[in-house]
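The values are calculated or read from the model by the stated rules, or taken from the named source; none is laboratory data. What you are looking at is a predicted structure, and each value in this text was computed from that prediction instead of being measured. Here the Cβ positions follow ideal geometry from the backbone for every residue, glycine too, while neighbour counts run over all protein chains shown. Accessible surface areas use protein heavy atoms only, side chains included; no ligands, DNA or RNA. Shrake-Rupley method; radii C 1.70, N 1.55, O 1.52, S 1.80 Å.
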Amino acid sequence: MSIGAAGGTFDPQQALSQHVLKNFYIGGDWVTPESNRELELISPVTEECFLKLPEASEKDVDRAVRAARQAFDHGPWPRMTPQQRAKYVLAIGEEMKKRVPLLADVWTAQIGAPKGFAGYIINYAPQLFDYYGKIGARGDFVETRDMLNGGKALVIREPVGVVAIITPWNAPMVLTSYGVAAALTAGCTIVSKPAPETPIEGQLLAECAEAVGLPPGVLNVVPAGREVGDYLINRPEIDKVSFTGSVAGGKRIAEVCAKRLARYTLELGGKSPAVIMDDADLNTAIGTIVPFGMPMTGQICFSLTRVLVSKKRHDEVVDAYSKAVKQIAVGDPWKAETQMGPLSMKRQLDRVMGYLEKGRQDGAKLVTGGGRPKDMNLGYYVEPTIFANVDSNMTIAKEEIFGPVVSVMPYEDEEDAIRIANNSTYGLSGAVFTKDPEKGIALARRIRTGNLTVNGLKLDNAVPFGGFKESGIGRVGGPEGLDAYQEIKSVYLPG
Ligand code: NAD
């Protein structure tokens, strides 16, 4: 069966025929699932199931946790030098590069990421293995430090232990790679739980680990839903949970980990502001907020979903923005010309339609979009939507919609712009537009979010990414992304 309307050419059965899908990678082997539970993968284009894969049960998780614990407590991995481990990490990156076209295709197949977007962004995943592998190859996890009162101490960065890495469906391979590449470099062993909607990437990652001869139990992969995930985080053998997902999920992780003081890091949602100052170049601002207001049908955590503009320029910006948004090519994600595919699943469509209704009820002005595209009734498509004159108290301005819906919010003056930007429980990303770079940096420093770009929106694997407030705890990417997987030990030297 081929997925996609006209133009779709990907046949999952054929494309994946050489890959292990029916067994789980646990303890260095492909083991038979302990139950007959299944995950149904539904194409967001055809709304039909295109593949059934096994879902891990609690017993599979027990097995994976035991294997990871054994590998940490008794295996070679944590005791290798960082340079020895780096060879494996770099080699996994090379294996992943060989699978980049397939990884992009399964991303499109499972959740409808446009082929062009997936084909480009997927490269961030192997790049993370390259990046952390090179940090490991430098091998500087032990520092000899002079003491204030004479003598020396070693400050050693040791692996935090057995890590559960839990990831969502929206950008599965990239988000899993942030954790896995850093955790491996640090010397941790891993139980990875992919989201139930996107289990294929986990199988392909395991295949890379197997291909490079990663020692048994260092990486174990158990695709499953929330309940089994909850079972995993409750295992006392897990030393740390690395979670990417919703705020509700993150709070649950924190609560469970608090009971045994297990470590945790959280990468959660956002409601990120794009602040357009009066002196900004409108082409630059619109050129950024069109692709980054609703990338991947708005299902990206760092989307610029609140556009802040002065009352004076509000109508001018809304006009230019809505003209540009109307040009977005919505359609079959397999087609090269498509800029926006469908939402990833029925529950996402229901969620977004609910927010569209709420925006109208709250009195926001619907400027463009607001429903399903005409003549596109098959597939979870929704129109790119802009609401204008949105007030901070409206639900659509406060909550993460995770769909292609942007609120344009008018401000009085610069102080008011900062107040509105900060008037959010979230603090993930953001952008400031002004012709004056100094002013842009000063404004960026006053906005309480983990990541900001002046006159654009950038992300780079060498630069830490993460949230203030309810957008998360800890950072991924950069050397800071490694900190999350290390404990610091001080050893005072004799003499
Ligand atoms: P979600 O919290 O429902 O699920 C995310 C993952 O966590 C899934 O694998 C799920 O099975 C698992 N999970 C959920 N509850 C769990 C529990 N109690 N114990 C163990 N595992 C559990 O999130 P979602 O709706 O699938 O993903 C979208 C959310 O993720 C959005 O809020 C988005 O902003 C956020 N996100 C954040 C980042 C970031 O880097 N900050 C990146 C991507 C997505």
When the residues of the range 106-125 are narrowed to those that are surrounded by fewer than 21 Cβ atoms within 10 Å (Cβ to Cβ) and of a type in the set (Ser, Thr, Tyr), which ends up nearest to Pro479 (Cα to Cα)? Tyr124
Testing Asp375 on (1) of a type in the set (D, E, K, R); (2) more than 30 Å from Thr434 (Cα to Cα); (3) modelled with pLDDT of 95 or more, one condition comes back false. Which one is that? (3)
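Suppose the filter is out of contact with any Gly (no Cβ under 9 Å at 6 or more places or on another chain), part of a helix (DSSP H, G or I) and surrounded by 14 or more Cβ atoms within 10 Å (Cβ to Cβ); does Leu103 pass it?
In short, yes.
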Go through the range 126-156 and count every residue that is within 16 Å of Pro82 (Cα to Cα) and open to solvent by 80 Å² or more (accessible area, probe 1.4 Å). 5
When you check Glu210 against the structure, is it assigned by TED's automatic domain parsing to the domain that holds Ala104 and either open to solvent by less than 10 Å² (accessible area, probe 1.4 Å) or over 22 Å from Met296 (Cα atoms) (or both), yes or no? yes
Test Ser43 against the criterion of being at pLDDT 95 or above, open to solvent by less than 10 Å² (accessible area, probe 1.4 Å) and of a type in the set (Ser, Thr, Tyr), and give yes or no. yes
Cys301: passes all of (1) of a type outside the set (Ser, Thr, Tyr); (2) more than 16 Å from the ligand (Cβ to nearest atom); (3) open to solvent by 20 Å² or more (accessible area, probe 1.4 Å) but (2)
Restricting the range 457-486 to residues that are more than 19 Å from Arg252 (Cβ to Cβ) and polar (S, T, N, Q), which is farthest from the ligand (Cβ to nearest atom)? Gln486
Working carefully through the options Ser392, Ser407, find the one that is closer than 14 Å to Lys271 by Cβ and open to solvent by 10 Å² or more (accessible area, probe 1.4 Å). Ser392
What's the number of the condition Phe10 fails, among (1) open to solvent by less than 50 Å² (accessible area, probe 1.4 Å); (2) modelled with pLDDT of 95 or more; (3) within 27 Å of the chain's Cα centre (by Cα)? (2)
Taking the range 259-271 only, how many residues are in a loop (DSSP other than H, G, I, E, B) and within 10 Å of the ligand (Cβ to nearest atom)? 4
In the range 365-380, what count of residues is obtained for those that are crowded, with 23+ Cβ neighbours inside 10 Å and touching a strand residue (DSSP E or B) at 6+ places or on another chain (Cβ under 6 Å)? 1
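Pick out the one residue from Arg306, Arg313 that is modelled with pLDDT of 95 or more, of a type in the set (D, E, K, R), open to solvent by less than 10 Å² (accessible area, probe 1.4 Å) and over 20 Å from Pro168 (Cβ atoms). Full working, then the answer.
Working: Arg313 fails: open to solvent by less than 10 Å² (accessible area, probe 1.4 Å).
Answer to the check: Arg306.
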Could you say whether any residue in the range 171-191 is within 13 Å of the ligand (Cβ to nearest atom), buried (at least 24 other Cβ atoms within 10 Å of the Cβ), outside any helix (DSSP H, G or I) and of a type outside the set (S, T, N, Q)? yes
Tell me which residues, restricted to the range 418-472, are open to solvent by 60 Å² or more (accessible area, probe 1.4 Å), in contact with a strand residue (DSSP E or B) (Cβ under 8 Å, 6 or more places away or on another chain) and either within 24 Å of Gly179 (Cβ to Cβ) or in a loop (DSSP other than H, G, I, E, B) (or both). Asn455
Looking at the range 72-88, can you tell me whether even one residue there is open to solvent by less than 20 Å² (accessible area, probe 1.4 Å) and of a type in the set (Ser, Thr, Tyr)? no
Name the single residue that is nearest to Trp77 (Cα to Cα) among those in the range 234-258 being surrounded by fewer than 21 Cβ atoms within 10 Å (Cβ to Cβ) and within 8 Å of the ligand (Cβ to nearest atom). Val256
All but one of (1) of a type in the set (A, V, I, L, M); (2) within 15 Å of the ligand (Cβ to nearest atom); (3) over 30 Å from Asp140 (Cβ atoms) hold for Leu204; state the number of the condition that does not hold. (2)
I'd like to check something: does the range 287-296 contain any residue that is small (Gly, Ala, Ser) and over 24 Å from the mean Cα position of the chain (by Cα)? no
